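So the structure is just underneath, and the comments pick up after that.
The values are calculated or read from the model by the stated rules, or taken from the named source; none is laboratory data. Being a predicted model, the structure only gives us computed values, none of them experimental. Neighbour counts run over all protein chains shown; Cβ positions are idealised from the backbone, glycine included.
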């Protein structure tokens, strides 16, 4: 029996890594029962250190980890992964200045000195906070109580004045200069709001139901941006919990009734666009949504 264990069990995990990893691989073998926390711990072992901030020209890991195993029974999230990003103003036609922005989260865009990330565009809504290693986690870091505001304009010159929409029409105090904060600013785009209502369309554009956003779970992260003749379109990855009401058509197609109501957590690609003639961007649709009862569909804002 001992020789069998050495040959067919112990040898299987040689070179896997630390003793903890060997023990983990044995626990999740096809012949073992998966315990709470095993899968999260495996993801931690396999993916630790692979992430890099998309805005970095030369980025180095700063601190943080995406998962933390507290015990075999419960896994709790640790501090968000952040990075140290080096940006160059010369790439935007400014003076050859180099800046280092610390504490930037993956979904955030840097603004510092004369450098403004090219994805930061007037007309779109952003949440803004001070960047830096000393920034704490939570809404206390964000301006305006964490509320997303539309960027109205970016001034000319080196220290660019960034003006946002204010609740007061005659006395706008929502502005600052790009070079006012030595450690810089962190911007993240905001495309979808809680309480927003949608019509659910199938692949043939038929309306199959309606939904209302009850919670937004992940940071809204911009994935792509296109600008053609002043028309700017952004795609933003979102994760939402929605209250869904499915429509049920009568057998003879004479009427539509409100039938089944459910709660679904979905992921999708929010399309936000600003035309050349418009000062503000608007949400066009959330594409790539999958609902168990309907399959692939999209959410279209209900303007009624």
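Computed values, structure above
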| quantity | calculated |
| --- | --- |
| Residue count, the range 93-116 (criterion: over 22 Å from the mean Cα position of the chain (by Cα), part of a strand (DSSP E or B) and either over 14 Å from residue 182 (Cα atoms) or free of Cβ contacts under 8 Å to residues at least 40 places away in the same chain (or both)) | 2 |
| Filter result for residue 127 (part of a strand (DSSP E or B) and closer than 19 Å to residue 280 by Cα) | yes |
| Selection status of residue 163, surrounded by 15 or more Cβ atoms within 10 Å (Cβ to Cβ), more than 30 Å from residue 294 (Cα to Cα) and without any contact (Cβ under 8 Å) to a residue 24 or more places away in the chain | yes |
| Residue selected from the range 134-143 under the condition crowded, with 16+ Cβ neighbours inside 10 Å and part of a helix (DSSP H, G or I), by the criterion modelled with the lowest pLDDT | 141 |
| Residue 177, sole failed condition from (1) surrounded by 20 or more Cβ atoms within 10 Å (Cβ to Cβ); (2) modelled with pLDDT of 95 or more | (1) |
| Enumeration of residues in the range 209-225 that are over 14 Å from residue 299 (Cβ atoms) and in a strand (DSSP E or B) | 215, 221, 222, 223, 224, 225 |
| Number of positions in the range 192-218 that are under 26 Å from residue 280 (Cβ atoms) and surrounded by 18 or more Cβ atoms within 10 Å (Cβ to Cβ) | 9 |
| So residue 189, is it in contact with a strand residue (DSSP E or B) (Cβ under 6 Å, 6 or more places away or on another chain), at pLDDT 90 or above, more than 30 Å from residue 151 (Cβ to Cβ) and surrounded by 11 or more Cβ atoms within 10 Å (Cβ to Cβ) | no |
